[in-house]
Amino acid sequence: IFDQSEDGLLGSDQKGCGVLPLNTKVHFIMEAVVASEKGACHANEDEESSGKSNVPERLLKRDQERQEELLRRKEAKESLSVREEKSDFFTSAFNKEKAAIEDVLSGCTEGDGGTTATVLEEVSSRIQQLQKFLNDSMAFLTQYELRQAQASLQKLQSTLGEKRDKLMPKKKFTFRSRNAGTSKSKESPDSKKEDSPGSTAVDGTEGRAGGSRGPMAVDGVISEQQCGLSNADSQVFVKGADEIQQSDVLLTHLSNCKVKLLGSPSTLHIKHVRDCEILCGPVSSSIFLDHCSGCTFAFSCQQLRTHNTTDCQVYLHVTSRAIIEDCSGVRFAPFSWSYPGMEADFEVSGLDRAKNNWSQVDDFNWLSAESPSPNWGVIPEHERKSEWD
Amino acid sequence: MGLLTILKKMKQKEREMRLLMLGLDNAGKTTILKKFNGEDVSTVSPTLGFNIKTLEHRGYKLNIWDVGGQKSLRSYWRNYFESTDGLIWVVDSADRLRLEDCRQELSSLLLEERLAGATLLVFANKQDLPGALSKDAIREGLALDAIKSHHWCIMGCSAVTGESLLAGVDWLLDDIAARIFTAD
């Protein structure tokens, strides 16, 4: 119905100069009648209704031509528009496929392991095809139809997800895993703890850092590959390259300790450390400090990230940038510590010895460029430590 | 087919995607961005603000926004949510002590209405470190299996070696493309 009326309007508009629309024409004829029979127009009501019969032959012919033209145009338009671009075609095809997928999904039950996988796989690809169909049809659908279709697709997808979870919970996203062998021991910290009761300094972290809380459990565990120190007071530690070379080192909960890391770790994390002296060989990437106070550090690294740290001295060689956040009283000086074999470790780390930005510290709590941050400073030369034992 | 063909052509011309890269500080976001773009990663410094890169990949124009992850910057993350097609969440796989922080930040992001339509790619970065948690441990630690609101995928990767960066981004592009572009 809509199409026809639109056609009618189109026809009359475009052919306006040749043929007038029907009602205008009647009016036109009326005027002609009025003009010929002056004064008698009021009485002659019949004249209006039977106006058509009085139309001259020429006009009748034009009217017929117009009708034919309309028909021709309509046919032409119909042949142009494609069946697939009609929204009702889309709706029915979409709903049919949707119902089919729903059937398959609801018919899919437990117990037939292998087939379930293939069925779910098939459903997944059918949903994808349906999505593609929707994408292709986007241009001629109304917003409402689009939303409806999108919503039902989402519903299908989530039903599929639920089914998958229920029927084959482990099959989701199984990509190749690098550490497949070792991941098990990391995921079950409790069992690991029981396995090695002779707690080394490393295992001790579990007790404080994570062992007590559920979701944290995985945090506290230091795997066999990660080296570190934790929970120590007034001790001296020296670790050589054999232990720390190109690995990630973690130091936590130390107080009044002296730590020397002679080698080139890949990265270094230091957390909850108080009144310690920590000296470390060149670190390839970043050093991360959190909650430290009253310490003296000697570091060389690519980045230094300092957080929640107060009253510390850092003798630093940093090739890109050092930052502080939520810190106060952190003071910097150029790296001056050395140990036998340090040159070779610098080679291993890949750090540029010629580039040291130790005095360019970004304070994330002080974004003003005009005045310097009050949270950090430079150690005056006469106060700098020159003797390292 | 007149009109539809024209519309399709227009869509193809502007195959543009907006990707937002977030994660805790020191996760390796900027390094991933630089490595993906083939730049030198040894000069990367902690991001004070954000970086934007526009690059062409597989015929798509990618606008990648890398926003600093420091605590003091996290409240600004929301300024970047608008019209994000893909969210890349970067995790430092060796940072066990902050895995719980990481989980919380991610889960609050996923509640964001303006990110509701975005696809989530989790990069378990720093797999080159011997002490890194495996991809599966990260998946468990971040409770990814509980995410029903977004399409997601986790990839173990290393920004330093470049391992699996491409595979991850390719997955993300495929997922986004299936949703917003006329697939052909």
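The values are calculated or read from the model by the stated rules, or taken from the named source; none is laboratory data. Note that the coordinates shown come from a computational prediction; the quantities given were computed from them, not determined experimentally. Methodologically, a virtual Cβ is constructed for each residue, glycine included, from the backbone with ideal geometry; neighbour enumeration extends over all protein chains shown. For accessibility, only protein heavy atoms count, side chains too; no ligands or nucleic acids. Shrake-Rupley method; radii C 1.70, N 1.55, O 1.52, S 1.80 Å.
Some points to look at:
- With respect to the conditions (1) open to solvent by 20 Å² or more (accessible area, probe 1.4 Å); (2) at the interface with another protein chain (Cβ under 8 Å from one of its Cβ atoms), B:Leu129 lacks only one, and its number is (1).
- Considered as a group, the residues in region B:25-66 that are within 14 Å of chain A (Cβ to nearest Cβ) and among the aliphatic types (A, V, I, L, M) include one that is nearest to B:Glu163 (Cα to Cα), and that residue is B:Ile32.
- Highlighted here are the strands (runs of 3 or more DSSP E) found entirely within region A:219-260 that include at least 1 residues which are closer than 19 Å to A:Ala298 by Cα, at pLDDT below 90 and among the small types (Gly, Ala, Ser): A:227-233.
- Residues (closer than 22 Å to A:Asp165 by Cα, hydrophobic (A, V, I, L, M, F, W, C) and in contact (Cβ under 8 Å) with a residue 12 or more places away in the chain) located in region B:138-160: B:Ile138, B:Leu142, B:Ala143, B:Leu144, B:Ile147, B:Trp152, B:Cys153, B:Ile154, B:Met155
- Exclusive hit being modelled with pLDDT of 60 or more and among the hydroxyl-bearing types (Ser, Thr, Tyr), set A:Thr205, A:Thr142: A:Thr142
- When residues of region B:65-75 are limited to those that are open to solvent by 10 Å² or more (accessible area, probe 1.4 Å) and not small (Gly, Ala, Ser), the one nearest to the chain's Cα centre (by Cα): B:Trp65
- Unmet requirement for B:Leu97, which otherwise passes all of (1) over 27 Å from A:Gly228 (Cβ atoms); (2) without any contact (Cβ under 8 Å) to a residue 12 or more places away in the chain; (3) in contact with a helix residue (DSSP H, G or I) (Cβ under 9 Å, 6 or more places away or on another chain): (1)
- Hey, B:Leu97 within 8 Å of chain A (Cβ to nearest Cβ), closer than 22 Å to B:Ser72 by Cα and either of a type in the set (S, T, N, Q) or open to solvent by 10 Å² or more (accessible area, probe 1.4 Å) (or both) or not: yes
- Residues of region B:17-54 that are within 19 Å of B:Asn125 (Cβ to Cβ) and in a strand (DSSP E or B): B:Leu19, B:Leu20, B:Met21, B:Leu22, B:Phe50, B:Asn51, B:Lys53.
- Here B:Thr161, B:Thr119 are screened, and the one residue that is of a type in the set (S, T, N, Q), within 13 Å of chain A (Cβ to nearest Cβ) and open to solvent by less than 10 Å² (accessible area, probe 1.4 Å) is B:Thr119.
- Selection status of A:Ile244, more than 23 Å from B:Asp25 (Cβ to Cβ) and surrounded by 20 or more Cβ atoms within 10 Å (Cβ to Cβ): yes
- Scanning region A:284-299 for residues that are assigned to a strand (DSSP E or B) and within 14 Å of another protein chain (Cβ to nearest Cβ) gives A:Ser286, A:Ile287, A:Phe288, A:Leu289, A:Asp290, A:His291, A:Cys292.
- Residues that are out of contact with any Gly (no Cβ under 9 Å at 6 or more places or on another chain), more than 21 Å from B:Asp40 (Cα to Cα) and not polar (S, T, N, Q) within region A:319-357 comprise A:Ile324, A:Glu325, A:Asp326, A:Cys327, A:Ala333, A:Pro334, A:Phe335, A:Trp337, A:Pro340, A:Glu343, A:Ala344, listed in sequence order.
- Residue in region B:135-146 that is surrounded by fewer than 23 Cβ atoms within 10 Å (Cβ to Cβ) and more than 10 Å from chain A (Cβ to nearest Cβ) present: yes
- A:Phe288 vs. criteria touching a strand residue (DSSP E or B) at 6+ places or on another chain (Cβ under 7 Å), more than 30 Å from B:Lys29 (Cα to Cα) and either among the hydrophobic types (A, V, I, L, M, F, W, C) or open to solvent by less than 10 Å² (accessible area, probe 1.4 Å) (or both): no
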